[in-house]
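Visitor: Mind looking over this structure? Questions follow.
The values are calculated or read from the model by the stated rules, or taken from the named source; none is laboratory data. Everything numeric in this text was worked out from a predicted model, so none of it was measured. For neighbour counting, all protein chains shown are included, and Cβ atoms are generated from backbone atoms with ideal geometry for every residue, glycine included. What goes into the accessible areas is simple: the full protein's heavy atoms, side chains included, and nothing from ligands, DNA or RNA. Shrake-Rupley method; radii C 1.70, N 1.55, O 1.52, S 1.80 Å.
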Amino acid sequence: MPEALLAARAVTVRFGGLVAVDGVDLEARHGELVGLIGPNGAGKTTLFHALSGVLAPDAGRLLVAGEDLTGSAPHVFAAHGVARTFQMPRVFRDMSAEDNVRFALQFAGRTRRHAHDAFDDARTILGFLGLGAASAVAAGALTPARQRLLEIGMALGARPRVLLLDEIAAGLTPAELETCAQLIRRVRDELGVAVIWIEHAVRVLMSHVERVAVLHQGRKIADGDPRAVAKDAAVIEAYLGEEGVGSEGGRERRVA
Ligand SMILES: Nc1ncnc2c1ncn2[C@@H]1O[C@H](COP(=O)(O)OP(=O)(O)O)[C@@H](O)[C@H]1O
Ligand SMILES: [Mg+2]
């Protein structure tokens with residue numbers, strides 16, 4: 001089996017007496033598109049904090065391309081090719097779309113040399129996102145859906161090998177959600193970037209990812225082929241409900 005690009009090994013994160021992430025193993029291999037789902041409070045965002053160095057785990061290891069980065073700061077994870085978005089949108093509203101991406105590029109520095117080196121200017125990235133014509137528009141004046149695409153562009157400015165997306169499509173219309181999903185696919189297909197994607201829109205997510213992991217109360221309760229996971233009794237009980245997903249009429253799960 002090829003070495004994982006990004007791996008959490010038996011990671012535990014506690015907040016006081018609460019075990020938010022409980023001995024979780026999760027990995028993304030080179031160029032893999034992985035979904036991460038689970039009810040609100042399951043520990044998904046906290047696991048992303050651990051995977052990107054925002055929070056040091058209380059137990060377990062974090063490996064990037066086999067290198068142990070446990071306890072390292074976020075910039076160290078970034079320098080090793082881990083980029084992420086945050087659940088709350090983080091664009092600079094008064095800056096143009098192009099300046100937002102340029103800022104991300106400068107912040108990342110010019111030393112990064114990963115799969116998509118040609119991606120070193122803001123216009124190329126905006127073109128990839130389909131935002132070329134909006135480059136001079138203030139980010140705050142873009143539609144919410146386009147702001148979310150811009151956030152992906154800012155994360156790409158770090159020229160990552162693996163991208164962690166935390167509810168990037170929350171609140172989008174079904175059409176916007178599909179556009180966002182297609183972009184995520186292209187990030188993987190055309191740039192070779194591995195993606196771990198958290199989204200409550202489970203049916204759409206399941207239709208695009210190769211593998212999906214499910215968290216429930218801090219524990220990983222399933223990890224595998226989306227069709228198999230959608231039929232898993234523990235997953236249905238914890239999260240999907242009796243309607244299941246992938247069938248017609250399957251309901252999207254969204255944040256309340
Ligand atoms: N900074 C924090 N301090 C204390 N508890 C937290 C903090 N962040 C998250 N939690 C708790 O940890 C659990 C997991 O939260 P989170 O990782 O945000 O879940 P998810 O992203 O799956 O909705 C929840 O019970 C949440 O209330
Ligand atoms: Mg979350």
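Visitor: With each label point set 7 Å from Cα along the Cα-Cβ vector, what nm distance links F92 and V54?
Guide: That separation, rounded to one decimal, is 2.0 nm.
Visitor: Next up: Over the Cα atoms of the chain, what is the Rg over Rh ratio if Rh follows Kirkwood?
Guide: Taking Rg over the Kirkwood Rh, I get 0.95.
Visitor: What 222 nm value per residue comes from the helices of the chain, counting each DSSP H run with n ≥ 4 as -39,500 (n - 2.57) and dividing by all residues, nearest 500 deg cm²/dmol?
Guide: Working: 8 runs with 77 residues, N = 256.
Estimated from H runs of four or more residues: -8500 deg cm²/dmol.
Visitor: Sticking with this one: So if each residue of separation counts as 0.36 nm, and I subtract the Cα-Cα distance between D189 and A65, what length gain in nm does that give?
Guide: Stretched fully, the D189-A65 segment lengthens by 42.7 nm.
Visitor: Rounded to two decimals, what is Rg over Rh for the range 81-220 when you use alpha-carbon atoms and the Kirkwood radius?
Guide: Ratio of gyration radius to Kirkwood radius: 0.96.
Visitor: On average over all directions, what projected area in square nanometres does the range 182-237 have, based on the convex hull of its Cα atoms? All intermediate terms of the calculation are to be shown ahead of the outcome.
Guide: Working: hull surface 16.2 nm².
It is 4.1 nm².
Visitor: Report, for the chain, the % of DSSP beta bridges that are antiparallel, rounded to 5.
Guide: 55 percent
Visitor: Short version: ³J(HN,Hα) in whole Hz for each residue of the range 66-75, in order, from phi by Karplus 6.51 cos²θ - 1.76 cosθ + 1.60 (θ = phi - 60°), x for Gly and Pro, what are they?
Guide: After applying 6.51 cos²θ - 1.76 cosθ + 1.60, I find x, 8, 7, 10, 3, x, 6, 6, x, 5 Hz.
Visitor: Per the 1.4 Å probe, what fraction of the accessible area of the range 1-73, in percent, lies on carbon and sulfur atoms?
Guide: C and S atoms contribute 51 percent here.
Visitor: Amide H to amide H under 5 Å from T70: which residues, 5+ apart in sequence or cross-chain, H placed 1.01 Å off N in plane?
Guide: For T70, the qualifying residues are L62.
Visitor: Working out 0.36 nm times the residue gap between V137 and E210, then minus their Cα-Cα distance, what length gain in nm do you get to one decimal? Provide the component values of the computation, followed by the final result.
Guide: Details: separation 73, 0.36 × 73 = 26.28 nm, distance 3.54 nm.
Full extension from V137 to E210 adds 22.7 nm.
Visitor: The range 1-93: which GluC sites (Glu not before Pro) are DSSP loop and have at most 15 other beta-carbon atoms within 10 angstrom?
Guide: E3
Visitor: Another question, if that's okay. May I ask you to evaluate 6.51 cos²θ - 1.76 cosθ + 1.60, the Karplus curve with θ = phi - 60°, for each residue of the range 136-148 and list the ³J(HN,Hα) values in order in whole Hz, giving x for glycine and proline?
Guide: Per residue, the Karplus-derived 3J(HN,Hα) values read 8, 6, 4, 4, x, 8, 6, 4, x, 5, 6, 5, 5 Hz.
Visitor: Now for a separate question. Given a Förster distance of 25 angstrom, what is the FRET efficiency for Q182 paired with D120, based on the Cβ-Cβ distance and rounded to 0.05?
Guide: Efficiency, rounded to the nearest 0.05: 0.60.
Visitor: Here is a follow-up. Across the range 81-86, in residue order, what do the Karplus-derived ³J(HN,Hα) couplings come to in whole Hz, using 6.51 cos²θ - 1.76 cosθ + 1.60 with θ = phi - 60° and x for Gly and Pro?
Guide: Each residue's phi maps through the Karplus curve to give x, 9, 10, 8, 10, 10 Hz.
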